[in-house]
Amino acid sequence: MNKTGTVIINFTIGFGNNLFQYAYGRLLAERNNMKLNHRAIPEINISESNTLVDTSLPTFFASEENYKKLLFADNFSSDRNIVVNGYFEDFTLYESYLQEIRSWFPKTQKTNHSDLILHMRLQNRLIQENHHKNHISPQGYIKGIEKFDFERIHIVTDAEKWNHYDESDIEKIRYHVKNGPNPPSNSSWVSVERSMDYMNCLIDGFAKYEPIVHCNGAKMIKGSGALRGGFIDDFNLIRSFDKIMLYNSTFSWWAALLSNASKIGVFGPWKPRKHNCRNLGKTNYPGWFSWGTVEDLYWNV
């Protein structure tokens, strides 16, 4: 009698990354009647699965080279353990299982049908060169925004405020990133002036919309002060809208996927200045469309 192996999910850092790892690992386990082992993701009600792993079985790894073959294999052998700890940011993996995947997570009611919500991940991306070179110009965002019909625009962001930044604000971000739980090991830092200029041009570029800005779970209107909230509040806020626009964040990609939105726009090139760019910007699920080109990057302006 063949023994049954276990899919072992070793989560990396990043909430969106973890959801990709969980979805891929669970699909792999359920398609092949294997057991599942992973820690909890309590923010979205995923409980720990502490299944005992049979260490007498051989162990394989799901990698960039074999992840599709493993998931879609017709003659899959389940008498082995498979470790999942990569980045499975490939929308084609999940398109046949969308309803099943959505059923794994708590639902959020759609409450805003008339406004547009735009997610912007900023903070560390303001100061690190590898992220900064992929920023979109305000004009580029506006071209994407014009593809929606909406009454008000909401911006949800991890930025601490939506007022003009000065040098001390950028230095504060640098300090927190360098001394945070996951400091970059080999990052090239953007000059304070460039970081500050980009943030301020966004604020000026969006001023005509008088956006309602949500900073880390809190709401700021026309520059008013706000208390800090939690990232899961931002996640569920995005999910509550019928019209969603996102850039190159796996966090907001998953918020959109787990929403009931009828129209979702994602930046087509995703991260064009990054090697081995993922295909998430080409996601073509029902209601999804791609917006923007590399010409919309800020440093092309």
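The values are calculated or read from the model by the stated rules, or taken from the named source; none is laboratory data. Owing to the predicted nature of the structure, the values given are computational and were not obtained by experimental measurement. Note that each Cβ is placed from the backbone with ideal geometry, even for glycine, and that neighbours are counted across all protein chains shown.
Residue by residue, here is whether (1) among the acidic types (D, E); (2) outside the structural domain of K274 (by TED's automatic domain parsing); (3) part of a loop (DSSP other than H, G, I, E, B); (4) surrounded by fewer than 19 Cβ atoms within 10 Å (Cβ to Cβ) holds:
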{"position": "S56", "(1), (2), (3), (4)": "no, yes, yes, yes"}
{"position": "L70", "(1), (2), (3), (4)": "no, yes, no, no"}
{"position": "D79", "(1), (2), (3), (4)": "yes, yes, yes, yes"}
{"position": "V83", "(1), (2), (3), (4)": "no, yes, no, yes"}
{"position": "K143", "(1), (2), (3), (4)": "no, no, no, yes"}
{"position": "K147", "(1), (2), (3), (4)": "no, no, yes, yes"}
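Need pairs with beta-carbon distance below 8 Å; first residue on the phi < 0 side of the Ramachandran plot and among the hydroxyl-bearing types (S, T, Y) and within segment 63-81, second surrounded by 13 or more Cβ atoms within 10 Å (Cβ to Cβ) and part of a helix (DSSP H, G or I); sequence gap 6+ or separate chains.
Matching pairs, first to second residue: Y67/Y24; Y67/L93.
How many of the residues in segment 273-284 are of a type outside the set (D, E, K, R), under 16 Å from the mean Cα position of the chain (by Cα) and not in a helix (DSSP H, G or I)?
Of all residues in segment 273-284, those of a type outside the set (D, E, K, R) come to 275-277, 279-281, 283-284.
Going one step further and asking which of them are under 16 Å from the mean Cα position of the chain (by Cα), we end up with 277, 279-281, 283.
Filter again for not in a helix (DSSP H, G or I), leaving 277, 279, 283.
Summing the residues that are of a type outside the set (D, E, K, R), under 16 Å from the mean Cα position of the chain (by Cα) and not in a helix (DSSP H, G or I) in segment 273-284 gives 3.
Note down all Cβ pairs under 9 Å where the first residue falls in segment 103-124 and is in a loop (DSSP other than H, G, I, E, B), the second is exposed (fewer than 11 other Cβ atoms within 10 Å of the Cβ) and of a type in the set (A, V, I, L, M, F, W, C), and they're at least six residues apart or on different chains.
Note: no pairs meet the criteria.
Please tell me if H164 is of a type outside the set (K, R), in the same structural domain as N124 (by TED's automatic domain parsing), touching a residue at least 12 places away in the same chain (Cβ under 8 Å) and surrounded by fewer than 18 Cβ atoms within 10 Å (Cβ to Cβ).
So H164 passes the test.
Would it be correct to say that R273 is among the basic types (K, R) and either under 20 Å from L19 (Cβ atoms) or in contact with an Asp or Glu (Cβ under 9 Å, 6 or more places away or on another chain) (or both)?
no
Limited to segment 236-258, what total is found for residues that are within 23 Å of T92 (Cα to Cα) and outside any strand (DSSP E or B)?
14
In segment 123-137, which residues are of a type outside the set (S, T, N, Q) and surrounded by 20 or more Cβ atoms within 10 Å (Cβ to Cβ)? Show your work before the answer.
Within segment 123-137, the first condition is being of a type outside the set (S, T, N, Q), and the residues that meet it are 125-127, 129, 131-133, 135-136.
R125, L126, I127, H131, H132, H135, I136, listed by residue number.
It is to be established whether one or more residues within segment 155-166 are over 26 Å from F267 (Cα atoms) and at pLDDT 95 or above.
The answer is yes; a qualifying residue exists.
Any chance you could count how many residues in segment 19-48 are part of a strand (DSSP E or B), touching a helix residue (DSSP H, G or I) at 6+ places or on another chain (Cβ under 8 Å) and crowded, with 21+ Cβ neighbours inside 10 Å?
The number of residues fulfilling the criteria is 1.
Report whether or not S137 is of a type outside the set (V, I, T) and more than 26 Å from F267 (Cβ to Cβ).
Numbers: of a type outside the set (V, I, T): yes; more than 26 Å from F267 (Cβ to Cβ): no.
No, not satisfied.
E295 is checked against (1) more than 23 Å from E100 (Cβ to Cβ); (2) in contact with a helix residue (DSSP H, G or I) (Cβ under 6 Å, 6 or more places away or on another chain); (3) not in a loop (DSSP other than H, G, I, E, B) and fails just one. What number does that condition carry?
Failing condition for E295: (2).
Select from segment 1-59 the residues that are at pLDDT below 95 and of a type in the set (F, W, Y) and write down the one among them that is nearest to L237 (Cα to Cα).
The selected residue is F15.
Can you pull out every residue in segment 249-289 that is touching a helix residue (DSSP H, G or I) at 6+ places or on another chain (Cβ under 7 Å), farther than 19 Å from E43 by Cα and surrounded by 17 or more Cβ atoms within 10 Å (Cβ to Cβ)?
I264, G265, V266, F267, G268, P269, W270, P272, L280, T283 - these are the residues of segment 249-289 that are touching a helix residue (DSSP H, G or I) at 6+ places or on another chain (Cβ under 7 Å), farther than 19 Å from E43 by Cα and surrounded by 17 or more Cβ atoms within 10 Å (Cβ to Cβ).
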